[in-house]
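All of the numbers you see were taken from the coordinates with simple rules; none came from a lab. Just so you know, these numbers come straight off a predicted model, no measurement behind them. Cβ atoms come from the backbone with ideal geometry, glycine included; neighbour counts cover every protein chain shown.
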Amino acid sequence: MRQNTMHPIPKNEFTDVKKMYGIVSGKGGVGKSLVTSLLAVGLRRNGFEVGILDADITGSSIPKIFGVSGAKINSDSKAIYPVRTHNDIRIMSMNLLLNKEDAPVIWRGPLIAKTIEQFWTEVGWGVLDYLLIDMPPGTGDVVLTVFQSIPIDGIIIVTSPQDLVSLIVKKAYNMAKQMDIPIVGIVENMSYAICPHCGKEIDIFGKSKLESIAQQLDLKILGKVPIDPELTKLCDEGEIEKARNLYLDSCIEVLKKEIAE
Ligand code: ADP
């Protein structure tokens with residue numbers, strides 16, 4: 001696990017996690033939570049023990065995507081415990097701690113960062129192969145603090161085609177470089193569309209810039225997720241674990257190799 005001698009990263013006594021990855025994006029709305037969810041489902045289908053720490057406190061959507069909003073959180077004098085999805089993915093999210101799913105979290109940055117740190121230090125995650133962290137969007141203060149308070153092994157950058165055009169992705173890249181956090185690679189979401197009638201692939205944003213930017217920044221391309229109406233529906237219904245196509249096989253292979261090393 002990554003450590004930093006300048007800022008010792010807090011430990012979690014109740015947890016044994018092999019690998020922790022932050023899923024980041026240069027800005028909100030690119031499908032970071034969906035990509036986190038697809039990776040969790042894929043790793044679980046490969047037989048791994050998987051958890052999702054939903055650090056996107058103000059835009060929390062993981063419980064909804066997995067249909068566990070409103071599930072009861074258990075705790076004892078030692079720790080609080082994540083909820084488990086149908087297929088046994090462990091989830092901790094601010095959304096699960098609020099009485100009302102639609103209550104806004106109107107906290108300032110330091111409190112949000114502290115809560116995320118507690119989702120690491122005070123949650124009894126148990127024994128996990130992978131803990132995926134759905135990071136707050138963007139490259140602001142909170143993200144910086146999370147990098148200093150959770151021993152993340154690497155980050156996965158999620159982008160959209162527009163993001164690649166405006167080079168917002170470079171911000172996330174530069175931040176990780178400055179913080180000395182390894183970048184596993186990049187996933188393009190909404191890369192193309194799948195026609196709901198005939199299933200044909202449509203290049204709605206023109207030719208993707210992914211290859212050229214990945215080459216320029218020396219980033220590994222981990223996968224491309226299309227706009228797939230089935231995924232939208234499954235997210236809305238809280239049934240993402242039923243997805244037929246996860247589109248991220250190559251990313252999952254990379255993560256499997258990392259754990260084997
Ligand atoms: P972010 O975490 O970046 O804010 P989300 O992952 O929460 O974005 O995406 C918001 C919603 O957009 C999802 O719940 C889903 O309904 C829809 N969505 C995102 N990406 C796709 C996709 N590739 N195909 C279909 N729907 C998508």
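When the alpha carbon coordinates of the chain are projected onto the principal axes, the ranges are 54, 41, 40 Å, largest first. For the chain, the membrane-span-like helices by this rule, meaning whole DSSP H stretches whose C-alpha atoms cover at least 15 Å of axis and whose Kyte-Doolittle mean is -0.5 or above, are 32-45, 109-121, 249-260; this says nothing about an actual membrane. Taking other C-beta atoms within 10 Å as the exposure proxy, C195, C251, C235 rank C195, C235, C251 from fewest upward. Mean separation of Cα pairs under 8 Å and 6 or more residues apart, divided by the residue count, gives the range 15-255 a relative contact order of 28 percent.
Helical content of the chain, expressed as a calculated mean residue ellipticity at 222 nm, amounts to -9500 deg cm²/dmol (DSSP H runs of 4 or more residues, -39,500 (n - 2.57) each, divided by residue number, nearest 500).
Taking 18 Å as the straight-line reach from the Cα of K209, the aspartates and glutamates in range (excluding those fewer than 8 positions away in the same chain) are D163, E188, E201, D218. Annotation: the residues H197, H86, sorted from fewest to most other C-beta atoms within 10 Å of their own C-beta, follow the order H197, H86.
Over 30 Å apart at the Cα level, from the set K64/K256; K32/K207; K78/K233; K27/K233, are K78/K233. Counting other Cβ atoms within 10 Å as a rough exposure proxy, the listed residues S25, S60, S208, S77 run S77, S208, S60, S25 from fewest neighbours to most.
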